[in-house]
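J.: Questions regarding the structure given below will be posed in turn.
The values are calculated or read from the model by the stated rules, or taken from the named source; none is laboratory data. Predicted model only: the values in this text are computed from it and were never measured. All Cβ positions, even for glycine, are placed from backbone atoms using ideal geometry, and neighbour counts span all protein chains on display. Accessible surface is based on the protein model in full, side chains and every heavy atom, while ligands, DNA and RNA are left aside. Shrake-Rupley method; radii C 1.70, N 1.55, O 1.52, S 1.80 Å.
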Amino acid sequence: MKSAARPGSYRGRKAPYLFLVPATVLFVLFFTLPIGYAVWLSFRKVEVSGLGLGSGARKEIWAGLENYSGALSDSELLNGALRVLGYGCIVVPVMLGLALLFALMLDSEQVRLAPFTRLAIFLPYAVPGVVAALLWGFLYLPDVSPFSFVLDKLGLPQPDLLDGGPLYLALSNIAVWGGTGFNMIVIYTALRAIPAEVYEAAKLDGATPLQIALRIKIPMVAPSLVLTFFFSIIATLQVFNEPTTLKPLTNSVASTWSPLMKVYQDAFGKGDIHAAAAQATLIALATLVLSFGFLRAANRRNKQEAAR
């Protein structure tokens, strides 16, 4: 009868790596390989000879950095990036501010029906993004919106939220409505992990609930705020569902409104997957640089505060 492998044996040391094999295989097949293939496509292009008819008239050749230089000089892509920047300046502070406010309110001792309130705030996050965009899109349309009907009966002006400047507010509202609940849960979980002795000591020192929130709770959940800000930046740079869903409802949303919409239009509208791959790679690199740059700055600040 064979004896069981001892913890320090070769078989025992190999066991953790065997458990990692399924996840590693899935990661390589569905993440690493698609990214590598997209990068490979970004360095190639299709060369057309003659009228492009017949076998051999269209062939794929090496393009070097041509697709990248074209993407960096593409005004539509750059304008889309500026639109997303303005969109993010509205979404990120409002969404995280509301998430922090709701989390602090739920963590208060005076709150009533906390489980129901927590579920009600989180529930919009469970609604798929396309469904949420359709829901709000029809609420924005003057002909079918109940808000427009009420404003008309009251004799008040009916703003067109799907045209011009208000379009940014309309798109931002969808993102805030859907994302606040998730960020609130992250911050609220961090608040619940703070030892009760900290609050008791602050109360004995005469601290008010507002002072406890500002001087104890918010500083102690700073890592959660950094995490939610990190997720919000990534989601903002990759905005696609909301403007794409609202596009059939208004002429103010172009098919290249955001960088990802530009990638989709070039890949499936124009059939230029090589240029689209280069644009997608640049977007991924920009997201990576901004995200890790922010995380590094946050870590440096935490180390400086810890050293004091």
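J.: Does any residue of the stretch 262-270 turn out to be under 20 Å from the mean Cα position of the chain (by Cα) and in contact (Cβ under 8 Å) with a residue 24 or more places away in the chain?
T.: Looking through the stretch 262-270, at least one residue is under 20 Å from the mean Cα position of the chain (by Cα) and in contact (Cβ under 8 Å) with a residue 24 or more places away in the chain.
J.: Now for a separate question. Please determine, by comparing only the residues of the stretch 265-275 that are in a helix (DSSP H, G or I) and open to solvent by less than 70 Å² (accessible area, probe 1.4 Å), which one is farthest from residue 244 (Cα to Cα).
T.: Among those that are in a helix (DSSP H, G or I) and open to solvent by less than 70 Å² (accessible area, probe 1.4 Å), it is 274.
J.: Taking the stretch 207-233 as the region of interest, how many residues are of a type in the set (S, T, N, Q), open to solvent by 40 Å² or more (accessible area, probe 1.4 Å) and not in a loop (DSSP other than H, G, I, E, B)?
T.: Number of matching residues: 1.
J.: Give me the pairs, please: first residue somewhere in the stretch 161-174 and without any contact (Cβ under 8 Å) to a residue 40 or more places away in the chain, second residue anywhere and part of a helix (DSSP H, G or I) and open to solvent by 10 Å² or more (accessible area, probe 1.4 Å), beta-carbon distance under 7 Å, and either six or more positions apart or on two chains.
T.: 161/140; 161/169; 173/136
Yes/no per residue for (1) at pLDDT 85 or above; (2) part of a helix (DSSP H, G or I); (3) among the hydrophobic types (A, V, I, L, M, F, W, C); (4) not assigned by TED's automatic domain parsing to the domain that holds residue 137:
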site: 235; (1), (2), (3), (4): yes, yes, yes, no
site: 253; (1), (2), (3), (4): yes, no, yes, no
site: 263; (1), (2), (3), (4): yes, yes, yes, no
site: 277; (1), (2), (3), (4): yes, yes, yes, no
site: 288; (1), (2), (3), (4): yes, yes, yes, no
site: 302; (1), (2), (3), (4): no, yes, no, no
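J.: Could you list, in sequence order, all residues of the stretch 55-97 that are more than 23 Å from residue 253 (Cα to Cα) and of a type in the set (Asp, Glu)?
T.: Hits for the stretch 55-97 are 60, 66.
J.: So which of 42, 49, 55 is within 30 Å of the chain's Cα centre (by Cα) and either modelled with pLDDT under 85 or open to solvent by less than 80 Å² (accessible area, probe 1.4 Å) (or both)?
T.: None of the other options fit; the residue is 42.
J.: Taking the stretch 283-299, which residues are under 17 Å from residue 235 (Cβ atoms) and hydrophobic (A, V, I, L, M, F, W, C)?
T.: 283, 284, 286, 288, 289, 290, 292, 294, 295
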